[in-house]
1. For B:Ser175, which sequence-distant residues (separation of 5 or more, or a different chain) have an amide H within less than 5 Å of its own amide H, given hydrogens modelled in the peptide plane?
2. Name the longest site-free stretch of chain D, where the excluded sites are GluC sites (Glu not before Pro) in a DSSP loop with no more than 11 other beta-carbon atoms within 10 Å.
3. Ordered by residue, what ³J(HN,Hα) values in Hz, to whole numbers, does the range B:188-204 give under the Karplus form 6.51 cos²θ - 1.76 cosθ + 1.60, where θ = phi - 60° and Gly and Pro are x?
4. With the crude spin-label approximation of a point 7 Å out along Cα→Cβ, what separation in nm comes out for A:Glu163 versus B:Arg152?
5. Between the helical axis of C:304-327 and the dominant principal axis of chain C, each derived from Cα atoms, what acute angle in degrees is found, rounded to the nearest 10?
6. Indicate the residues belonging to the range A:65-79 that lose 20 Å² or more of solvent-accessible heavy-atom surface (probe 1.4 Å) upon moving from the chain alone to the assembly of all protein chains, ignoring ligands and nucleic acids.
7. Measuring from label point to label point, each 7 Å out along Cα→Cβ, what is the D:Thr284 to A:Glu171 span in nm?
8. Which far-off residues, 5 or more places away or on another chain, put their amide H under 5 Å from the one on C:Ala20, with H placed in the peptide plane?
Number of protein chains: 4
Amino acid sequence: MNSFGRIFRLSIFGESHGPAVGITIDGCPPGLSLGAADFETDLKRRQGGAGIGTTPRKEADEPQFLSGLFNGFTTGAPLTIMFPNGNTRPGDYEKQRAVPRPGHADFVATQRYGGFEDYRGGGHFSGRLTVCLVAAGVVAKLLLPDISIDSRITQLGGLPDAEAGLARAIELKDSVGGIVECRVRGLKAGLGEPFWDSLESVLAHAVFAIPAVRGIEFGTGFAAAAMTGSAHNDSITDGAGTTGSNNAGGINGGLSNGNELVFRIAIKPTSSTPKEQRSYNRETGAIESFAVRGRHDLAIALRVPPVLEAVTAVVLADFALLRSAQSGGFL
Amino acid sequence: MNSFGRIFRLSIFGESHGPAVGITIDGCPPGLSLGAADFETDLKRRQGGAGIGTTPRKEADEPQFLSGLFNGFTTGAPLTIMFPNGNTRPGDYEKQRAVPRPGHADFVATQRYGGFEDYRGGGHFSGRLTVCLVAAGVVAKLLLPDISIDSRITQLGGLPDAEAGLARAIELKDSVGGIVECRVRGLKAGLGEPFWDSLESVLAHAVFAIPAVRGIEFGTGFAAAAMTGSAHNDSITDGAGTTGSNNAGGINGGLSNGNELVFRIAIKPTSSTPKEQRSYNRETGAIESFAVRGRHDLAIALRVPPVLEAVTAVVLADFALLRSAQSGGFL
Amino acid sequence: MNSFGRIFRLSIFGESHGPAVGITIDGCPPGLSLGAADFETDLKRRQGGAGIGTTPRKEADEPQFLSGLFNGFTTGAPLTIMFPNGNTRPGDYEKQRAVPRPGHADFVATQRYGGFEDYRGGGHFSGRLTVCLVAAGVVAKLLLPDISIDSRITQLGGLPDAEAGLARAIELKDSVGGIVECRVRGLKAGLGEPFWDSLESVLAHAVFAIPAVRGIEFGTGFAAAAMTGSAHNDSITDGAGTTGSNNAGGINGGLSNGNELVFRIAIKPTSSTPKEQRSYNRETGAIESFAVRGRHDLAIALRVPPVLEAVTAVVLADFALLRSAQSGGFL
Amino acid sequence: MNSFGRIFRLSIFGESHGPAVGITIDGCPPGLSLGAADFETDLKRRQGGAGIGTTPRKEADEPQFLSGLFNGFTTGAPLTIMFPNGNTRPGDYEKQRAVPRPGHADFVATQRYGGFEDYRGGGHFSGRLTVCLVAAGVVAKLLLPDISIDSRITQLGGLPDAEAGLARAIELKDSVGGIVECRVRGLKAGLGEPFWDSLESVLAHAVFAIPAVRGIEFGTGFAAAAMTGSAHNDSITDGAGTTGSNNAGGINGGLSNGNELVFRIAIKPTSSTPKEQRSYNRETGAIESFAVRGRHDLAIALRVPPVLEAVTAVVLADFALLRSAQSGGFL
């Protein structure tokens, strides 16, 4: 599905080289002050800086509000935000098509869509659509005024220092992966739903919609596997549920416990690497050498933090609205 | 929510010390041969062996079919499978209640449910409910006759050898965590849905419903973060999409690519450890020492493989039915 | 689907002659005082009186709470209520099966479920499942303390007087239909969701789940088709939105407008009539005479009011919780 | 919600006087040949003819495809179709606002959205959005090549002859209501889902999203209430389930039975009538006379048939895809 959420519901659409990408937010409460300027910071962060190792495709990324906004406020009707695609280059996609790029969705897309998929620049599978996630996050954060959500690179190209990691990628002339950590402060206890819709479940669901994510872990995560229970359990120290350590990453039983929410995601090296690779030519049946043309991001992880914050905000906003439902304020 | 899935839909209910736990499967096709005997193997695997370091609570775990089964076949109507709870001991839960157990859902449950939650033995948060997951998996696997799903412990108590890991836990008199890997063979290419409902997204969503899961990674997972693109990309070697390496773990662009599906999950050490711990007493306001009474599993990860296989089967069955929808066979 | 609702979610299961019918309510707030006694009145109303023209199958209809109830209060976890089936008679269903009963689901069920359906007494299509609706309504009404929901027969067997209508059915020795009206007082303005989930849409959706319903109309309904706009429009007379007339039946633009909610449903004569009928014998290929054995209700409409009130309560409770979500009380 | 459907899923957005209205279709299979020309006939039918008694607002209604279409075929990715709004006149909406128009959503919208709603021309509640329904219907019908769906006016202004009904409205200088009947031929038996998602339930749900609908009835509908069972039951005459009469309107037990599907809907007289009316002025607190400015449709029912056919197609396409899912063709 291209929709997500129960109250604060998102529907995403678009392709990399089609007329536009966009998102419709259904269930957004009325009365939120909103304008194009509110999107600037996060959209710019997502674009990444200009420099060696980053893609030269820079979109204007000016949000166009098709519906749901009136006199500078959300109306409560579906809010549709569209980003027209510019800066697309026709390119020789037909030729490239015979040789599905390793690590990309090219091959599976053709299997799935019978060859009718828009294959230009990855089509609907393109990272271009994350601009819509960032836009949704801007709106979601308006619903979370007392909550701070911050992401940062904790590892790039195998190095804890992101700049050094990028330098290594440039030196290697190869793409590199990374790890991004997200921390949320100010979350009340009790957010999340029982059983299937635990806080971890829904966050993980949303996070894996970000291209190139290969893993997610909460709190101590995979390291917890080698710990003992007595070392891992976080002692509760007061009536507010404050814990001494935070190995749980702020979640017990699938619900926020009032401490800081902490999780990390693994980003694989982007499949578009300048290195020559080999793949199967569907037309000739031969294995042939292959090089991704054009310049691409060598360290896509650098652009992930604002996207990760955005999907986190979207999930938390939906949970907060759900929780309000159960408080029964209207009854 | 306590429901999950789009076509093959599950609704789960029950508490550890209530009359029963159970699951309703809606959307299960008619005509599947099914009986209590089909559940035996997986239910037994979930119970774990008898021995030092395992819980002495052993339920009969005899499935009772309340609906949806007639003359030994599924009918197409909702299939409700109930497991009555036996072997519950009243215990002194009231006293325990004042001191929320570290690492458990006790504290957050009270925050969330205002004290009305069934707190006996973890209530609805209990691992007891995984018996329902295993039951659903048995049914789901009937829809996947050509697919094999196998899970195994790859690390326990910090050791690659599970027996050694358990021995260490017994020696330490402390609970330990572990890592469980799942491999699926026979999956066609093209399973998964675009954007939000990628194969990783929905698997992760389901997997985090299993208690004690702290992380999930696909293919090379977190290790991918330190790899280069040229090393990570899997070269396609034939028209069926077979790849040389399988760093992607069988998924590209959120869709199965026809290779083996591989993912791993991290299990934290179970919160119930024999070691003395400290927690906050809600009634006295004091920090006090605390010990979990009774015998509990020291290495809960040992019981996870059949549960992990079950949720994997449930997710894949739903995706396969969805894919059939789009093939339009009825049109 | 056998599930319904967005926050207050119902999953229904069971067959007429299986072990039990039941319902799971997910999303029910904790802290509602609830016990078997709360169900008595409505369950009894649904059973209808004892007498000529009514079915002799009378179930005990004692609710069994499998989960979600603890110490006399809802816990916030899924509330599963089961009604074991008693009073089933094995009967000669096999023989009857060759001749699908006119007006029943027999024929379509076999088409749909390939012959695997539980055909005894209508199976999952049986009116027996309405006991679950009534049970859900009892819970839903706890969420609507200031709202009254009342249904009454306005026509039976073509006569405005229900007793006379039943007398006519007995005299004709044939089943008869009827019209049931529902009125809801105390509803605040603004309940309902935009576009697809208008108050009419969701009420109609739920109402058509009641067996034998053939139509629904709001306010002036079908009579509105012959009215003029100036006669039909309800003048607003004060700031609370009170209208002089109530042709709209309490709904504008799909949302409650604060006036009385009024709608009517048409119930067809139940298909089980003592009269001899003709149908096709699947085995012999012949058209043959056919008579429904046993005594059945001649005027099933008499038993509809509590069921109609229940589904109305369920819909309104869900909308009220949704509306609370949007009020953002938790934020 | 502004989304509808389970496999063939619609998300609708837009306001009468905003930049555009539009619809995203998620789950549309790839490979359907589609272009602007395919929409012409139905969009033109929806606009109604030019003449006395019809609105002079005529939009170009040229579909713009934002996504999901490539080289003249659907891609399988979300298909977003946008209709820019032209022909909007600023008008003196502020002044009008103090006096909520009787029969319109003005009052409830303010109650619901706290005054933040786009009130110009009805905003999101406008009939303008039905252009999106018609567009979705065009796509849905591509999935139903062997099925014909036809709607016609059976009553207008209280007269069976639509032209006479319109003439009466013009003579009365008042708006009038009508009844529209829909017939579907070629439907296989077994479409519809058990319990909540019966064919009637989902059709009714969708139909009530069309503005001005006040009732729906299937087969004999409300007339069934006065019939006897022996007269109402349709005798099955052959192994294909053909019935002699069709009082059931092609549905038994919530599933299509293979006969013609027949249902009717009641359209109220549009609230915008040239007649002077009275309403409450929120600012002055006085009841004042009120006249809807501009020319409007006197008989909006005339424009309903293509919209009714469209929502019917949308519902049937979704059910057909669901049915395909259960056939398990991909397994």
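The values are calculated or read from the model by the stated rules, or taken from the named source; none is laboratory data. Please read these numbers as outputs of a predicted model, since none were measured by experiment. Backbone-built Cβ (ideal geometry, glycine too); neighbour counts: all protein chains shown. For accessibility, only protein heavy atoms count, side chains too; no ligands or nucleic acids. Shrake-Rupley method; radii C 1.70, N 1.55, O 1.52, S 1.80 Å.
1. Placed amide hydrogens put A:Gly229, A:Ser230, B:Lys275 under 5 Å from B:Ser175.
2. So the longest stretch without any such site is D:1-275.
3. 5, 6, x, 8, x, 10, x, 6, 5, 9, 4, 4, 5, 4, 6, 4, 4
4. Modelled inter-label distance: 4.7 nm.
5. Helix C:304-327 sits roughly 40 degrees off the main axis of chain C.
6. A:Leu66, A:Ser67, A:Phe70, A:Phe73, A:Thr75, A:Gly76, A:Ala77, A:Pro78
7. Result for the modelled spin labels: 8.1 nm.
8. Here the answer is C:Glu15, C:Asn85, since their amide H atoms fall under 5 Å of that of C:Ala20.
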